[in-house]
Amino acid sequence: MLSKTLSNTILTDYLAASTGDDNIERMDGYTVTAPKDSMSQIKMYTPYMIAAKDLDADVDLARLDEALERAKGYYELIAETAGDDASRRVLRFNIGAFRNNYGLADLSKMRLVFHAIRVGQTTEEGLTMDAELDGFGKPASKPKTGVDIGRSHDVPETPEASPAPTLDVYDVLLAGVDHGH
């Protein structure tokens with residue numbers, strides 16, 4: 001009982017303090033999904049895959065789930081609104097802080113209000129597992145030689161593809177159901 005009273009007091013104090021803080025953004029009306037081919041997408045489904053594990057599988061899914069748990073402290077989901085003022089952004093969640101046995105897969109089924117703070121930007125492609133693992137064990141970039149520089153003048157110029165849109169990234173401080181709406 002004391003623990004619940006303290007939790008409610010802390011939550012009430014946070015909500016009062018965050019109301020006037022311009023750095024904390026309250027986000028209503030967003031739906032969240034895991035980016036395609038991301039660690040978040042895999043983490044959402046490994047618990048289900050463990051239950052359906054094929055005995056001949058080469059991958060130990062329970063260990064994969066455990067590895068993902070240890071590999072990242074947070075997981076990114078794409079948050080979107082619909083309508084005339086549609087918006088897309090990235091919300092980062094610390095799944096170690098989830099309560100009531102919720103998991104990542106549950107968030108896409110709920111109408112939540114998010115309190116979050118903007119921490120940076122990324123592209124959706126930057127959230128893929130390939131992008132996350134890119135660079136591990138490799139030098140930052142291959143040094144160019146004189147031959148490389150000479151070759152670059154021989155290649156006809158091609159129009160550059162338009163850059164992928166950047167999305168604002170937010171760390172979620174609090175997510176919950178607002179019974180007032």
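Annotations
- Added length on full extension, which subtracts the Cα-Cα distance from 0.36 nm per residue, SER108 to ASP171: 21.0 nm
- Stretch gain in nm, segment ALA16-VAL119, where the contour uses 0.36 nm per residue and the Cα spacing is subtracted: 34.9 nm
- Among 123-131, 91-99, sorting by the average number of other beta carbon atoms lying within 10 angstrom of each residue, highest first, gives 123-131, 91-99.
- Extension gain for ARG70-ILE50 works out to 5.5 nm (0.36 nm per residue, less the C-alpha to C-alpha distance).
- The stretch 111-126 - phi-based ³J(HN,Hα) in whole Hz, Karplus 6.51/-1.76/1.60, Gly and Pro as x: 9, 10, 10, 10, 10, 8, 10, 6, 10, x, 9, 7, 9, 5, 4, x
- Using θ = phi - 60° in the Karplus curve 6.51 cos²θ - 1.76 cosθ + 1.60, the 3J(HN,Hα) couplings for the stretch 15-30 round to 4, 5, 6, 6, 4, x, 8, 5, 7, 9, 9, 8, 10, 10, x, 9 Hz; x is entered for Gly and Pro.
Each reported figure results from applying straightforward, stated rules to the coordinates on display, with no laboratory input. The structure presented is a predicted model; accordingly, all values stated were derived computationally and were not measured. Note that we place each Cβ from the backbone using ideal geometry, even for glycine, and neighbour counts take in every protein chain shown.
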